[in-house]
Amino acid sequence: MENNTNTLSVRSVLEKEKLTGGNNFLDWQRKQLHVIDIPPPGPLPEGATADEREAHTRDENDANDVACLMLATISAELQRQHVHMDAYTINEHLQSMFASQTRQERFNTSKSLFNCKRAASEPVGPHVLKMIGYIEYLETLGFPISPETGIDLILNSLNNKFTQFVVNYNMNEFDKTPTELLHMLRTYETNMKIAEPAPILMVGNKGKAKGKGKWKGKKKIGSDSTPKPKSGPKQAL
């Protein structure tokens, strides 16, 4: 009976709290973070007002809803270990269980992010998108990078073709998000390609001499360049 009740509770919560991809993302995210970041509400004090009782009931319901959501997305073994815990305690326990894995993942991601360098022939778009992915993944691991640091890392990863862009960006003290910076860099890259001069095709004339001091043709008679000894007065016999 208990399993059936839990299943129905999880199903109803999933339907009620379903992320639709529309305008409810911020509300959905805010509710999850609010519940797992604070301990569950304790018992109500004696003489609590009607507003306090209403707020307490709302907090308890939110905690139960998110706990059901968390249990619905973990393995059966982990469900058995956490079924009687609230959302806050589940989150704390899971973090302690997987702390070493999280640290290693953070190290690997940070290493990849800090070592990012744009190759000479690599388009700037995929390069910056890769770095934004690393930055966002670190945040999901609980190690957020400030927007200013993220911008500095991206600018530092660019090669010499973007030196003037970096100088202008810092001089103008732009306050952009990494995504906004991505759009600026794509535009700059496009303008650079338009401004590049067309390559000049060098075509040699047929029969023209190639190489300094070389001449192909017949030698003229008497044009031997070897110096000949000057003839002096004949000696008497």
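The values are calculated or read from the model by the stated rules, or taken from the named source; none is laboratory data. Note that this is a predicted model, so its numbers are computed, not measured. In this analysis, Cβ positions are derived from the backbone assuming ideal geometry, glycine residues included, and neighbour counts consider all displayed protein chains.
Per-structure values
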quantity: Pair list, Cβ < 8 Å and 6+ apart or interchain, from region 71-87 residues that are under 19 Å from residue 40 (Cα atoms) and not assigned by TED's automatic domain parsing to the domain that holds residue 60 to residues that are acidic (Asp, Glu) and surrounded by 11 or more Cβ atoms within 10 Å (Cβ to Cβ); calculated: none
quantity: Odd one out for residue 159, checked against (1) surrounded by 12 or more Cβ atoms within 10 Å (Cβ to Cβ); (2) free of Cβ contacts under 8 Å to residues at least 40 places away in the same chain; (3) over 30 Å from residue 91 (Cα atoms); calculated: (2)
quantity: Answer residue from region 90-110, given it is surrounded by 16 or more Cβ atoms within 10 Å (Cβ to Cβ) and closer than 20 Å to residue 59 by Cα and is modelled with the highest pLDDT among those; calculated: 90
quantity: Hits in region 105-154 (condition: assigned to a helix (DSSP H, G or I) and touching an Asp or Glu at 6+ places or on another chain (Cβ under 7 Å)); calculated: 124
quantity: Any pair with Cβ under 8 angstrom, 6 or more apart, that starts in region 44-61 at a residue that is in contact (Cβ under 8 Å) with a residue 12 or more places away in the chain and ends at one that is part of a loop (DSSP other than H, G, I, E, B) and of a type in the set (A, V, I, L, M, F, W, C); calculated: 56/44; 56/48
quantity: Residues of region 116-131 classified as within 12 Å of the chain's Cα centre (by Cα) and either more than 20 Å from residue 170 (Cβ to Cβ) or at pLDDT below 90 (or both), total; calculated: 4
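So that you can scan it fast, the table gives a plain yes or no per residue for (1) surrounded by 13 or more Cβ atoms within 10 Å (Cβ to Cβ); (2) at pLDDT 75 or above; (3) under 30 Å from residue 139 (Cβ atoms):
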{"residue": "43", "(1), (2), (3)": "no, yes, no"}
{"residue": "58", "(1), (2), (3)": "no, yes, yes"}
{"residue": "63", "(1), (2), (3)": "yes, yes, yes"}
{"residue": "66", "(1), (2), (3)": "yes, yes, yes"}
{"residue": "78", "(1), (2), (3)": "yes, yes, yes"}
{"residue": "81", "(1), (2), (3)": "yes, yes, yes"}
